[in-house]
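Novice: If you scroll down you'll find the structure; I have some questions about it.
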Amino acid sequence: MLIKVDPIMDEVNSFNSSDPNEIEAFRIKMLGKKGIITGLLAEFRNVPIEHKKEFGQKINLLKKAAQDKVVDLKARVGNSESSKRDLDLSMSGEPFELGSRHPLSIVRKDILDIFTRIGFSISEGPEIEDDFHNFTALNFPEEHPARDMQDTFFIDKDIALRTHTSSVQVRVMEGSKPPIRTISPGRVFRNEAISARAHCIFHQVEGLYIEKDVSFADLKQTLLYFAKEIFGEETEIRLRPSYFPFTEPSAEVDVSCQICSGKGCNVCKNTGYLEIMGCGMVDPNVLENCGIDSSVYSGFAFGMGIERIAMLKYQVNDLRHFFENDLRFLKQFKSAH
Ligand code: DAH
């Protein structure tokens, strides 16, 4: 009897098929009512008592192997049938989400493109800046109240997070000779409460042009070109006298309101204009502080907030949207570039 079991076990182990009919035939042959294993079990009572234990164990193993084999082969056939059903080679691929540029990156690039088209180079400086580059060289004397115009995060007595990108002007003038035409984008930091109009971290772009005989008319024309490029051909600008320590004369630049085209609305508080940046003729003291002969050279400078330009361009009414990374907000800029 025992001799009979081993070849059957071999047959069970070696059986393989992916045809459901063959598998069913195998099941009937082994485990059916008149099957081989069923027959062996029936013979059990004839087995001499001293072999019963060993035979019982072997036959149980055999039965289990045959059952497992049938279950396993049937499962495999089932899976491949269902995967055959699921596989439709003519179906289009899984859609995947395309990312998009952040609106501030779009506007930053737009601004840089506009100025590089008229010969400005791009320059950058450190975000952690010393007092000299952020204040002193820009004509903010020590203890001067103008330093309070910008609430500063100090790291040390003489080291702070830069409060504006005007510090890059100083570094460029120190490191190169006129003619200088450069545009400096970057992050700036101010110790301000976060609100719809202000943030403690934001972005600026600084512009600087130094050459012989640069005039205020050059500044005005450059800014008019910029305003028309960024906001549209019909845009007008207006310069209002202002004060910055590093420029003399200084002005604030307004553009005609994008919403009402200058007619007056609640966004522009019925003035028809919106402020976009500060500018002026570089103060001769600043030129001298940076090693440029102010009797030979003159220049203009301007500085603007990227968030502010983006808010006006896309009519965003809360600056915090730019920092919250809410996909519902960001997705609206998908097609912009
Ligand atoms: N640095 C100024 C600010 O952060 C902006 C500015 C005004 C920059 C006038 C200039 C300028 O270069 O000429 O408010």
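The values are calculated or read from the model by the stated rules, or taken from the named source; none is laboratory data. Here the structure is a predicted model, which is why all the values come from computation and not from measurement. Because the Cβ atoms are built from the backbone with ideal geometry, glycine has one as well, and the counts that use them run over all protein chains shown. Note: accessible area is taken over every heavy atom of the protein model, side chains too, but ligands, DNA and RNA are not part of it. Shrake-Rupley method; radii C 1.70, N 1.55, O 1.52, S 1.80 Å.
Novice: Being part of a helix (DSSP H, G or I), surrounded by 15 or more Cβ atoms within 10 Å (Cβ to Cβ) and free of Cβ contacts under 8 Å to residues at least 40 places away in the same chain narrows it down to one of Leu219, Leu224, so name that one.
Specialist: Leu224
Novice: Could you list, in sequence order, all residues of region 31-65 that are open to solvent by less than 70 Å² (accessible area, probe 1.4 Å) and in contact (Cβ under 8 Å) with a residue 40 or more places away in the chain?
Specialist: Correct list: Glu43, Val47, Phe55, Lys58, Ile59, Leu62, Ala65.
Novice: In this structure, does Arg308 turn out to be among the basic types (Lys, Arg), within 16 Å of the ligand (Cβ to nearest atom) and surrounded by 13 or more Cβ atoms within 10 Å (Cβ to Cβ)?
Specialist: So Arg308 fits the description; yes.
Novice: Then there's this: Just checking, which of His144, His102 is more than 16 Å from the ligand (Cβ to nearest atom) and either closer than 19 Å to Phe202 by Cβ or touching a residue at least 12 places away in the same chain (Cβ under 8 Å) (or both)?
Specialist: His102
Novice: So is Glu248 in the same structural domain as Gln169 (by TED's automatic domain parsing), in a strand (DSSP E or B) and open to solvent by 40 Å² or more (accessible area, probe 1.4 Å) or not?
Specialist: Answer is yes for this residue.
Novice: Out of all the residues in region 164-208, which are small (Gly, Ala, Ser), open to solvent by 10 Å² or more (accessible area, probe 1.4 Å) and part of a strand (DSSP E or B)?
Specialist: Within region 164-208, Gly186 is the sole residue that qualifies.
Okay, residues lined up against (1) at pLDDT 90 or above; (2) outside the structural domain of Glu24 (by TED's automatic domain parsing); (3) over 30 Å from Phe226 (Cα atoms); (4) touching a Lys or Arg at 6+ places or on another chain (Cβ under 7 Å):
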position: Lys53; (1), (2), (3), (4): no, no, yes, no
position: Gly78; (1), (2), (3), (4): no, no, yes, no
position: Met91; (1), (2), (3), (4): no, yes, yes, no
position: Glu97; (1), (2), (3), (4): no, yes, yes, no
position: Val107; (1), (2), (3), (4): yes, yes, no, yes
position: Asp131; (1), (2), (3), (4): yes, yes, yes, no
position: Ala137; (1), (2), (3), (4): yes, yes, no, no
position: Lys157; (1), (2), (3), (4): no, yes, yes, no
position: Ser167; (1), (2), (3), (4): yes, yes, no, no
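Novice: I'd like to verify a number: residues in region 265-297 that are within 15 Å of the ligand (Cβ to nearest atom) and exposed (fewer than 15 other Cβ atoms within 10 Å of the Cβ), how many?
Specialist: Total meeting the criteria: 0.
Novice: Right, something else. Any residue at all in region 108-127 that's assigned to a strand (DSSP E or B) and within 25 Å of Ile309 (Cα to Cα)?
Specialist: Yes, region 108-127 contains at least one residue that is assigned to a strand (DSSP E or B) and within 25 Å of Ile309 (Cα to Cα).
Novice: Step by step: first the residues of region 227-242, then only those that are in a loop (DSSP other than H, G, I, E, B) and of a type in the set (Asp, Glu), then the one that is least open to solvent (accessible area, probe 1.4 Å). Which residue is that?
Specialist: If we take residues in region 227-242 being in a loop (DSSP other than H, G, I, E, B) and of a type in the set (Asp, Glu), then Glu236 is least open to solvent (accessible area, probe 1.4 Å).
Novice: Next question, about the same structure. The conditions are (1) at pLDDT below 95; (2) aliphatic (A, V, I, L, M); (3) open to solvent by 60 Å² or more (accessible area, probe 1.4 Å), and Ala146 fails exactly one of them. Which is it?
Specialist: Single failed check for Ala146: (3).
Novice: Looking only at region 149-160, count how many residues are within 13 Å of the ligand (Cβ to nearest atom) and open to solvent by less than 60 Å² (accessible area, probe 1.4 Å).
Specialist: Residues that pass the stated criteria total 2.
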